[in-house]
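**Student:** One structure follows; several queries about it will come next.
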Amino acid sequence: MPYTLIEGRFHIHDPDHPKRGPEPDGDTLKFEPKDPLLVEGLVRQWRAPAFNRKKMINIRFEGIDALETHYSGGHQNLHWAIAARSRLLELVGFGTVRFFDDSPHHVERVENHPIEGWILAQTLDANGRIVGFVCTGKAPYVDGTILHLDEDLLDDSLNAMLLNTGFAYPSFYSTLPTDLRPLMAEKARNARANRLGLWKDATADPKGAKR
């Protein structure tokens, strides 16, 4: 299935209301598209795009799952959840980021903000979020280009980088094309074999998942 290239800016901070602003984690970012109509045109499961009042929308990173920093009042392994968040913010290029002591999921200050970038997306999930691959820098094609996501484009994505360095698990939903699954699975296997990132503390037996 073809992907739509959508240019825009990534946000992790609301200077007007910082404690009500974005709450980034290791596999979610707030995105402000240059052309919101491109998001409107993505395939929907149930909901329309969940834009906020500033025309920003959450991106759920396709093919990966980072540990949760906060979810329904709890969290998973907090060390690796925060490490994944820190790694993602570093890869995007936000520079030094400080979170509030009394509201640790909200950004108090950030060195570089917002950051220009682009995504490759096909669908919206059931919550109205974009499901996509996230990239920074100048897009290789014009905004709105429809293209096939090949291995080179995949390797340029932050999704692949987080898998490569062991800061996220592979997580393949029906929205991920079958030809990309072996490529992403191999990245995760290599990270695990080299005990990178969270795989240092992994105790589950991968052979058990095949039964």
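The values are calculated or read from the model by the stated rules, or taken from the named source; none is laboratory data. Since the model is a prediction, treat every value here as computed from it, not as a measurement. We place every Cβ from the backbone using ideal geometry, glycine too, and count neighbours over all the protein chains shown. All accessible areas refer to the heavy atoms of the entire protein, side chains included, with ligands and DNA or RNA removed. Shrake-Rupley method; radii C 1.70, N 1.55, O 1.52, S 1.80 Å.
**Student:** Once you sort the root eigenvalues of the Cα gyration tensor of the stretch 108-199 as a ≥ b ≥ c, which label holds: rounded (a/c under 1.5), prolate (a/b larger than b/c) or oblate (the other case)?
**Tutor:** oblate
**Student:** Between rounded, prolate and oblate, where does the stretch 1-75 land on the alpha carbon gyration tensor, with a ≥ b ≥ c its root eigenvalues, rounded for a/c under 1.5, else prolate if a/b exceeds b/c?
**Tutor:** Cα axes put the stretch 1-75 in the oblate bin.
**Student:** Sorted by accessible area with a 1.4 angstrom probe, largest first, how do R129, R189 fall?
**Tutor:** R189, R129
**Student:** Given the options A193, A185, A48, state which has the largest fluctuation in a GNM of the chain using a 10 Å cut-off (strictly under) for Cα springs.
**Tutor:** Looking only at A193, A185, A48, the biggest GNM fluctuation is shown by A193.
**Student:** Could you sort V131, V110 by their accessible area in this structure, using a 1.4 Å probe and putting the largest first?
**Tutor:** So the residues, ranked largest to smallest area, are V110, V131.
**Student:** At 1.4 Å probe size, with every protein chain present, just tell me what the per residue accessible area of the chain comes to in Å².
**Tutor:** Accessible surface, normalised per residue, equals 51 Å².
**Student:** Same structure again: Percent of accessible area on the stretch 84-157 owned by carbon and sulfur, 1.4 Å probe?
**Tutor:** Summing carbon and sulfur atoms, their accessible area is 45 percent of the total for the stretch 84-157.
**Student:** Continuing with the same structure: Helix-derived [θ] at 222 nm for the chain: sum -39500 (n - 2.57) over DSSP H runs of at least 4, divide by residue count, nearest 500?
**Tutor:** -6000 deg cm²/dmol
**Student:** Where Lys and Arg each count +1 and Asp and Glu each count -1, what net charge lies around A126 among other residues with Cβ under 13 Å from its Cβ?
**Tutor:** So the environment of A126 carries a net charge of +3.
**Student:** Among K138, K187, K200, what's the order by accessible area (1.4 angstrom probe), most exposed first?
**Tutor:** K138, K200, K187
**Student:** First measure r as the distance between the Cβ atoms of L196 and S174, then evaluate 1/(1 + (r/R0)^6) with R0 = 25 Å and state the FRET efficiency to the nearest 0.05.
**Tutor:** 0.35
**Student:** Highest GNM mean-square fluctuation, the chain, Cα pairs closer than 10 Å: which of S103, S171, S86?
**Tutor:** Of the options given, S103 has the highest mean-square fluctuation.
**Student:** For the chain, what number of Lys pairs, 8 or more residues apart or on separate chains, have alpha-carbon atoms under 19 Å from each other?
**Tutor:** Value for the chain: 12.
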